[in-house]
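Inspection log for the structure reproduced underneath, given as structure tokens.
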Amino acid sequence: MENPAVYDDSDVVRLAGAIEELNRSIARWTEQGEMHTTVIPGLALFRRTEPTEPVSGIYEPGVCLIAQGAKRVMLGDDRYRYDAQHYLITSVHLPTIVQVIEASPEKPYLGLRLTFDLREVSQLMVDSNLPQPRPQQSSRGMATGQVTLQLVNAFIRLIDLLADEKDIPILAPVIQREIIYRLLVGDQGERLRQIATAGSQSQQIAKAIGWLQSNYSQSISMDQLAAQTNMSTSTFHHHFRSLTALSPLQYQKQLRLQEARRLMLAERMDAANAAFQVGYESPSQFNREYSRMFGAPPLRDITSLRQLAADGRG
């Protein structure tokens, strides 16, 4: 297992140098905008020149690194702060509130996100003959871990491929496998292996989350959802909340409200139709829950978001 706690002074210096190199790499590819969705599958780069307001979003399974600045993620009542010394790992899809908390024109926030497929994680566990995780209760599907020199260097090499795209189909998958391996043997590897292990309670909950994502507009029965995971309703509810910090119904509600917001913003759907589209039968209930989650009624919220986008701050 990698253990950054035993680094000596020379390791610390090398890590600082690698983070600075990562900083320059991200800065190079984000000069023209705040987000660069790269041609490398799953890899996106980000720049912010000022702190942001809290915004809602779904974190996919993957890892986030910061080369400069800091970010805060809120999952239910939990708070995660990460920066150049700490990565954020997510093992299931989670609805969150996100905020860049350290950024300036002189020292912009510079970060990246790499999403991954849990099936690839499972296969890598087999290929690498990694030990099975210890049987344990489900834990949060999100955590911060200590950045290591090997992890940063792998990301530098991945971003470097953008300069010569012909190498990407062959070399990017190799480097992405290395990154996943570094995560699996790092200080949060146990959490990732729990999710990726066939038959584990965490993996069963992850399957239920996948079902909810595809069927969020439907009425759901906790008994039926629990039966899909071969758990009692009470056990299922307990493990679901342990992994996501939300009850299944709260999780579904957040998926519905986020999709309704997207429909109104991106597809210019009115609030009533968006509410119906995502499964609400009562417009007043939709307006009430939307205001509670996003801090303003639908029309005012969408108008504000469009204004921010027009001003170049969205």
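The table for this structure:
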{"read-out": "Those strands (runs of 3 or more DSSP E) lying entirely in segment 76-123 with at least 2 residues among the hydroxyl-bearing types (Ser, Thr, Tyr)", "value": "78-83, 86-90, 109-115"}
{"read-out": "Criterion (crowded, with 18+ Cβ neighbours inside 10 Å, more than 22 Å from GLN176 (Cβ to Cβ) and either aliphatic (A, V, I, L, M) or modelled with pLDDT of 95 or more (or both)) met by exactly one of LEU75, LEU65", "value": "LEU75"}
{"read-out": "Test: residue in segment 130-153 that is under 24 Å from LEU75 (Cβ atoms), under 20 Å from the mean Cα position of the chain (by Cα) and assigned to a helix (DSSP H, G or I)", "value": "yes"}
{"read-out": "Any chance ASP167 is surrounded by fewer than 21 Cβ atoms within 10 Å (Cβ to Cβ), out of contact with any His (no Cβ under 6 Å at 6 or more places or on another chain) and modelled with pLDDT of 95 or more", "value": "yes"}
{"read-out": "Evaluation of LEU305 against (1) buried (at least 19 other Cβ atoms within 10 Å of the Cβ); (2) at pLDDT below 90 (one fails), failing number", "value": "(1)"}
{"read-out": "Flag for ILE175 being touching a Lys or Arg at 6+ places or on another chain (Cβ under 6 Å), in a helix (DSSP H, G or I) and closer than 21 Å to LEU151 by Cα", "value": "yes"}
{"read-out": "Number of the condition not met by SER202 [criteria: (1) surrounded by fewer than 16 Cβ atoms within 10 Å (Cβ to Cβ); (2) in a helix (DSSP H, G or I); (3) not β-branched (Val, Ile, Thr)]", "value": "(1)"}
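Okay, residues lined up against (1) of a type in the set (Lys, Arg); (2) on the phi > 0 side of the Ramachandran plot; (3) in contact (Cβ under 8 Å) with a residue 12 or more places away in the chain; (4) not in a helix (DSSP H, G or I):
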residue	(1), (2), (3), (4)
ARG182	yes, no, yes, no
GLY186	no, no, yes, yes
GLU190	no, no, yes, no
ILE195	no, no, yes, no
GLN213	no, no, yes, no
SER217	no, no, yes, yes
ILE220	no, no, yes, yes
GLN224	no, no, no, no
ALA227	no, no, no, no
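The values are calculated or read from the model by the stated rules, or taken from the named source; none is laboratory data. Please read all numbers here as calculations on a predicted model, not as lab measurements. No Cβ is skipped: glycine too gets one built from the backbone with ideal geometry, and neighbour counts run over all protein chains shown.
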